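Below is one structure, written out as structure tokens; comments come after it.
Read-outs throughout are calculated quantities, based only on the coordinates presented, and are distinct from any laboratory measurement. Predicted, not measured: the structure shown is a model, and the values here were computed from it. Note: ideal-geometry Cβ built from the backbone for every residue, glycine included; neighbour counts use all protein chains shown.
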């Protein structure tokens, strides 16, 4: 018999590390100002863009950015996209991915540190928390106190109320992109809006409140796949927030450092003040090297610069740099930066190609489209006089004002075309009126004399009577 293995030999510890609460300290500096500026821009665009107007003519919606699900349209200022133009959305997604790859190749997780929605809203929630509860030391002290006071209850109630208000505004702003914003705001306020609007606001309020208020860095570390993906896309020349070990080591207090330097002993610029750790929104020590948790926000650079200025030492002990440059400085060589290199050139070229393709597609897209679907059963009918008839469902799409069009069939000699429900003019062609921003479905019968009938491809061409604009679709004429 096999000897049983004690359970303790399989005990590898917990599979999930419990959350350690992070108390980021307030900091000022270049990168903090950049983050404030980008936060204001991003939030302003998100919250107020639905209220911008853009005149498109009578009968058309005048909201600048609108996802019209009922009408099957996406409006972006002067651009109007239809579901049939999904290739443009695909191109935009590819363009966004390539831009993210380029940002990663240049500056690591720049997106995560400055533009990611999780970072932007978490930063805003942090600001509210500091405003109400105080800075790092005050928050740590208050959380360490056992029991709860009336003052603490008031602080927590106020903080969470403001968090919920921000989260509610976030969810409310999202639904405004799917309907006329002023109208929907009034309907929401008077409880006349569709139930679906309230449901989505509730869902987005809850997710914003939980992700930005409670989960914070856990989202970046466990839920977001980008930290793991970007590790496979980066290289040794990408600039990352880096502790310059060649300058900082050996670490010691300011007093011991002065004594060591007076004695001619080596001493680094790092005074081990832990300010870089205190301001980090994910609670890591950048001096331990590049870590998956780091979102490259640069706040540790500001904190370290402030300390270096106070003690009279050069700034940028923590900076956007590479391990290559650390090794080069230790070897007495000059620093070397390669922002322009094959990887970044390749990404830039691909971005230019995809962007140019999208612009070309937008500039040359047809405002009149035709789709043809051949009947499946019966596939063809032999009439009493021996002629062969095929039936088709034809869908016309008009992206401009009302227009009159005619339908012709090419490639089938002596064919007779009949559009069911449409009068045939003296010319033998049916004139069809297609409304603005409408699709019109037609039943089309194509009949070929017995002598000319044979299986062959045919082309259906729709022509605007006034402008001459055409659109074509290819299908087949088949024998029974």
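Observations on the structure shown:
- Förster radius 60 Å - calculated FRET efficiency between residue 440 and residue 330, Cβ distance, rounded to 0.05: 0.25
- Pairwise centroid distance, computed over Cα atoms, of region 314-391 with region 41-93, Å: 21
- Net length available on complete extension from residue 84 to residue 152 is 18.8 nm, with 0.36 nm assigned per residue and the Cα-Cα distance removed.
- Considering region 240-330 at the alpha-carbon level, its Rg and Dmax are found to be 12.9, 40 Å.
- To the nearest ten degrees, helix 342-364 and the longest principal axis of the Cα atoms of the chain are 30 degrees apart.
- In the chain, the longest principal axis of the Cα atoms and the axis of helix 195-208 are about 30 degrees apart.
- Principal-axis tilt of helix 150-175 within the chain, Cα atoms, nearest 10 degrees: 30
- Remark: the residue 200-residue 265 segment gains 17.0 nm on full extension, using 0.36 nm per residue and subtracting the alpha carbon distance.
- Both radii come from the Cα set of the chain: Rg as radius of gyration, Rh as Kirkwood radius; their ratio Rg/Rh reads 1.15.
- Note: region 368-477, Cα convex hull, 100 Å³ per residue.
- Residues residue 210 and residue 402, FRET efficiency given R0 of 56 Å [Cβ-Cβ distance, rounded to 0.05]: 0.70
- Across region 368-477, Cα pairs under 8 Å and at least six residues apart give a relative contact order of 34 percent.
- In this calculation the C-beta distance from residue 140 to residue 222 is compared with R0 = 35 Å, giving a FRET efficiency of 0.90.
- Here the residues 87, 114, 75, 23, ranked from fewest to most Cβ neighbours within 10 Å of their Cβ, fall in the order 87, 23, 75, 114.
- Taking label positions 7 Å along the Cα-Cβ direction at both residue 233 and residue 395, the computed distance is 3.5 nm, reported to one decimal.
- For the chain, the relative contact order works out to 14 percent when only alpha carbon pairs closer than 8 Å and six or more residues apart are counted.
- Between residue 186 and residue 60, the contour length at 0.36 nm per residue exceeds the Cα-Cα span by 43.3 nm.
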